[in-house]
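The values are calculated or read from the model by the stated rules, or taken from the named source; none is laboratory data. These figures come from a predicted structure and were not determined experimentally. Heads up, the Cβs are rebuilt from the backbone with ideal geometry, glycines too, and the neighbour counts pull from every protein chain shown. Surface accessibility is based on the protein's heavy atoms, side chains included, excluding ligands, DNA and RNA. Shrake-Rupley method; radii C 1.70, N 1.55, O 1.52, S 1.80 Å.
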Amino acid sequence: MNFKAIAEKYGTPLYVYDFDYFHERFLELRKAFRGNKLLIAYAVKSNSNLSVINKFSQLDGGADCVSIGEVKRALKAGVEKYRIIFSGVGKSDSEIREALELDILFINLESEAEMLRVEQVAKELNKQARISVRVNPNIDPQTHPYISTGLHENKFGVDIDTAKRIYLYAKRSEFLKPVGLHFHIGSQLTKLAPIRDSAEKISNLLRHLKALEIDIKFFDIGGGIGVQYRDEVTISPKDYAEAILSVINGLDVTIILEPGRFLVANGGYFLTSVLYEKKNGNKRFVIIDGAMNDLLRPSLYGAFHDIEFVNNSSETSSADIVGPICESGDFIAKNRETPIDVKSGDLLVVKSAGAYGFSMSSNYNTRGRVAEIALENGNDRLIRARETFEDLIALEEKYLIK
Ligand SMILES: *Cc1c(COP(=O)(O)O)cnc(C)c1O
């Protein structure tokens, strides 16, 4: 890919997404589950750009949303309402109301208290709310603690006994209709065993519910398949599908997948330019125009992103690659082998930046969020304009008393 030409055309910092890669990853996953009823509900939070959501909806993908804002994004991007799921650990009454009015596929419940709220709101609207319950299987996903969600010590989901109570209550309620069963144990999963064990536990619950004549149509196995940032050995879609299919063997359900990172992480690139280089004592710093507000993962999780130095020599020494933000935690890489001849204006391509990159970005330090570019069939196009200073103050300016 000619990143240099793209950086010259659109400026840096910049996010670039390879839509052809997104396409391939989606098909790869679908192929692994071939012959089964399947909905791939793209996890919108991983990369929420309307054009990215639209790309997957054109492949008949759905959307897994964790706020009503994401639900509305999905609809705006062209996702069919019957392919939209609303998950998340704390939904407000107004979000529940809107979701019911928009008539999406189902709402994922995360507590008994939330079930009662959904029932109440559905009653007020005189509607029947299609629901699913997020069950916490209490299995260690063996991933970073910040992105682990499948243990009872995490805030997500309910235990199996609570889930049974919720389904029994919902079955009797005039305003609730249980249609799905859901689990999602964490993100960046690289081991299959915790997924298989969770699926087994939850599928046993599904059989139990069917025996109680609670007609669960959707077996929603969440997202979380890991990707390679450095040298991780990841789960192949084929092995993933085989593990799931062997567990649900014989059950008549539609399988729902909620992949985010798997689809987009390695199709995204963060382009940034060198501003200066400096030394504090013996410590070498390369200061770039991108920062933690643009790509938070290194600061938040200590995440590793491979960096390509586009036009430099191969002789290197160790340096920290840091942004201009007034925080010591503002870095993209630490102690990274860096070409000795970097100079102002040189381009860095930060890899694996398609997931939880732009979608986690902020305006900290009054930095406008960067532009986003799609590459598809050999063409590049803008899919989000760079934010201007006027954009940043638009909601404050009229309240300023001088
Ligand atoms: C975040 C999330 C996902 C997506 O996770 P990835 O690791 O990006 O695949 C799927 N489902 C739910 C409920 C989530 O919260």
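Could you say which residue among 114, 119, 124 is within 15 Å of the ligand (Cβ to nearest atom) and of a type in the set (D, E, K, R)?
Among 114, 119, 124, only 114 is within 15 Å of the ligand (Cβ to nearest atom) and of a type in the set (D, E, K, R).
Report the residue count in segment 324-345 for those that are within 30 Å of residue 51 (Cα to Cα), in contact (Cβ under 8 Å) with a residue 40 or more places away in the chain and part of a loop (DSSP other than H, G, I, E, B).
Final tally of qualifying residues: 3.
So which residues in segment 151-193 are closer than 17 Å to residue 122 by Cβ, open to solvent by 50 Å² or more (accessible area, probe 1.4 Å) and part of a helix (DSSP H, G or I), if there are any at all?
So the first thing to find is which residues in segment 151-193 are closer than 17 Å to residue 122 by Cβ, and the list is 166-167, 169-180.
When the remaining residues are screened for being open to solvent by 50 Å² or more (accessible area, probe 1.4 Å), the result is 169, 171-172, 174, 177.
If the condition is that a residue be closer than 17 Å to residue 122 by Cβ, open to solvent by 50 Å² or more (accessible area, probe 1.4 Å) and part of a helix (DSSP H, G or I), then 169, 171, 172 are the ones that fit.
Specify the residue that is farthest from residue 28 (Cα to Cα); the eligible residues are those in segment 56-78 that are outside any helix (DSSP H, G or I) and of a type in the set (A, V, I, L, M).
66
Identify, please: which residue in segment 44-70 is closer than 18 Å to residue 106 by Cα and polar (S, T, N, Q) and is, among those, least open to solvent (accessible area, probe 1.4 Å)?
Of everything passing the filter in segment 44-70, 57 is least open to solvent (accessible area, probe 1.4 Å).
Within the group 215, 197, which residue is more than 26 Å from the chain's Cα centre (by Cα) and assigned by TED's automatic domain parsing to the domain that holds residue 245? Talk me through it step by step, then tell me what you get.
Numbers: 197 fails: more than 26 Å from the chain's Cα centre (by Cα).
Being more than 26 Å from the chain's Cα centre (by Cα) and assigned by TED's automatic domain parsing to the domain that holds residue 245 holds for just one of 215, 197, which is 215.
Hey, does segment 3-12 have a residue that's open to solvent by less than 10 Å² (accessible area, probe 1.4 Å) and modelled with pLDDT of 95 or more?
No: zero hits.
Between a first residue in segment 346-361 that is of a type in the set (D, E, K, R) and a second residue that is open to solvent by less than 10 Å² (accessible area, probe 1.4 Å) and more than 12 Å from the ligand (Cβ to nearest atom), which pairs have beta carbons less than 8 Å apart while being 6 or more apart in sequence or on different chains?
346/274; 351/305
What pairs can you find where one residue is in segment 377-390 and of a type in the set (Val, Ile, Thr), the other is in a strand (DSSP E or B), and their Cβ atoms are less than 7 Å apart, with a gap of 6+ or different chains?
Filtered contacts from segment 377-390: 383/372; 383/373; 383/374.
Determine the pairs where a residue that is open to solvent by 10 Å² or more (accessible area, probe 1.4 Å) and in a loop (DSSP other than H, G, I, E, B), located within segment 219-235, has a partner that is of a type in the set (Asp, Glu) and more than 8 Å from the ligand (Cβ to nearest atom) with Cβ atoms under 9 Å apart, the partner being 6 or more residues away or on another chain.
229/306; 230/306
Go through segment 272-303 and give me each residue that's assigned to a loop (DSSP other than H, G, I, E, B), within 12 Å of residue 324 (Cβ to Cβ) and free of Cβ contacts under 8 Å to residues at least 40 places away in the same chain.
Quick first cut of segment 272-303, residues assigned to a loop (DSSP other than H, G, I, E, B) only: 281-282, 289-296, 302-303.
If we keep only those that are within 12 Å of residue 324 (Cβ to Cβ) too, we end up with 289-294.
The answer is none; no residue qualifies.
Considering only residues of segment 75-89 that are within 14 Å of residue 179 (Cα to Cα) and without any contact (Cβ under 8 Å) to a residue 24 or more places away in the chain, which is surrounded by the fewest Cβ atoms within 10 Å (Cβ to Cβ)?
It comes out as 82.
Looking at segment 243-262, is at least one residue assigned to a helix (DSSP H, G or I) and under 30 Å from residue 333 (Cα atoms)?
The answer is yes, given that some residue of segment 243-262 is assigned to a helix (DSSP H, G or I) and under 30 Å from residue 333 (Cα atoms).
Testing residue 290 on (1) among the small types (Gly, Ala, Ser); (2) at positive phi; (3) modelled with pLDDT of 95 or more, one condition comes back false. Which one is that?
For residue 290, the failing item is (2).
Can you tell me which residue within segment 249-286, out of those that are of a type in the set (A, V, I, L, M) and either more than 29 Å from residue 232 (Cβ to Cβ) or open to solvent by 10 Å² or more (accessible area, probe 1.4 Å) (or both), is nearest to the ligand (Cβ to nearest atom)?
253
Conditions: (1) away from the ligand (no atom under 12 Å from the Cβ); (2) in contact with a helix residue (DSSP H, G or I) (Cβ under 6 Å, 6 or more places away or on another chain); (3) closer than 26 Å to residue 198 by Cα; (4) in the same structural domain as residue 233 (by TED's automatic domain parsing). Residue 55 meets all but one. Number of the miss?
(3)
For segment 133-156, name all the residues that are aromatic (Phe, Trp, Tyr) and modelled with pLDDT under 70.
Residue satisfying the conditions is 146 alone.
Mind listing whichever residues of segment 319-330 are at pLDDT 95 or above and open to solvent by less than 50 Å² (accessible area, probe 1.4 Å)?
Scanning segment 319-330 gives 319, 320, 321, 322, 323, 325, 330.
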